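Okay, structure first, notes after.
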Amino acid sequence: MTHKQAHRRYMKLSAALMVLYVVGILGLSLAEKHTNIPRVALYGLTGFPIAAIFGWMWGLWRYVNEIDEFLRAIQIKSIMYGLTIVMGVSTGWGLLEFYSEVPRLPIFYVVPIFSGAYGIAHIIISRREGGVCS
Amino acid sequence: MKNRLKVLRAERDWSQAVLGDKLDVSRQTINAIETGRYDPSLPLAFKIARLFEQAIENIFEDEIQ
């Protein structure tokens, strides 16, 4: 499989899973506010965004294995930046919650923070090192 | 690490994309190697050497020397 084919396949999978994630989250929120759906069914609905996250990470793993070594290095660096930001923010905010009056940051935000940091890091590293942006 | 990849490629009138296809890597990777932003792994360096029918040290120059 060429890099372009791997990239196309990864982007298609990511887009589909992002839709599943967003629809799952919105569906959960709407179901909780506007219906009398049983609690257990709400727990079951959380399976959709969870499946989307696992699917995305699996797709990213497969993509990283399919691309060449230079593009893989860019991906790994971007993932490391994303993890660094998410660990720094969650640990820092967690400590602030312990020792000050900051509002509670739901653990739900780990994925959006990682996705944002990974995406921004990928754009910056790709531009700096001459790789493609994906 | 300096290299003669751009010269060798130009001698054959290949674009970066063509060379990338021959080596099964992306055009971006060829560009990064040619501009010295990325040093290829040993397997890729051997692949490049085999493609151009030259010894690795004739293509890549160790800057420590």
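Among B:29-40, A:52-63, A:35-46, the peptide with the highest mean count of other Cβ atoms within 10 Å heads the list, and the full ranking is B:29-40, A:52-63, A:35-46.
When A:H7, A:H34, A:H122 are compared by accessible surface with a 1.4 Å probe, the order from highest to lowest is A:H34, A:H7, A:H122. Computed over protein heavy atoms with a 1.4 Å probe, the accessible surface of the protein assembly as shown works out to 63 Å² per residue.
From the square roots a ≥ b ≥ c of the eigenvalues of the alpha-carbon gyration tensor of chain A, which class results: rounded (a/c under 1.5), prolate (a/b over b/c), or oblate? Oblate, since a/c reaches 1.5 and b/c is not below a/b. Relative contact order for segment A:1-67: 55 percent, from Cα pairs under 8 Å spaced at least 6 residues apart, divided by residue count. Interface residues of segment A:64-105, defined as a loss of at least 50 Å² in heavy-atom accessible area between the chain alone and the complex of all protein chains with a 1.4 Å probe, are A:D68, A:E69, A:F70. The interface between chain A and chain B buries about 800 Å² of solvent-accessible area in total (1.4 Å probe, ligands and nucleic acids excluded). Here segment A:68-134 exposes an accessible surface that is 72 percent carbon and sulfur, computed with a 1.4 Å probe and the other protein chains kept in place.
The string of couplings for segment A:32-46 from the Karplus curve (6.51, -1.76, 1.60, θ = phi - 60°) is 6, 7, 10, 9, 9, 4, x, 3, 5, 5, 4, 4, x, 5, 5 Hz, one whole number per residue in order, with x for Gly and Pro. Shielding by partners for peptide B:19-30, expressed as the average number of C-beta atoms from other protein chains within 10 Å of each residue's C-beta, is 5. Solvent-accessible area assigned to carbon and sulfur over chain B amounts to 48 percent, based on a 1.4 Å probe. As a calculated quantity, the FRET efficiency between A:L105 and A:M18 at R0 = 30 Å, using C-beta atoms, amounts to about 0.85. Put A:Y99, A:Y21, A:Y81 in order of accessible area, highest first, and with a 1.4 Å probe you get A:Y99, A:Y81, A:Y21. Can you tell me the orientation of helix A:69-99 relative to chain A, as the angle in degrees between its alpha-carbon axis and the longest Cα principal axis, to the nearest 10? Computed tilt is about 30 degrees. Between B:I56 and A:W61, how high is the FRET efficiency from 1/(1 + (r/R0)^6) when r is the Cβ-Cβ distance and R₀ = 35 Å? Nearest 0.05. About 0.65, to the nearest 0.05.
The values are calculated or read from the model by the stated rules, or taken from the named source; none is laboratory data. If you're wondering where the values come from, they're calculated on a predicted model, not measured in any experiment. Virtual Cβ from ideal backbone geometry, glycine too; neighbours counted across all protein chains shown. Calculation scope for accessible area: heavy atoms of the full protein, side chains included, ligands and nucleic acids excluded. Shrake-Rupley method; radii C 1.70, N 1.55, O 1.52, S 1.80 Å.
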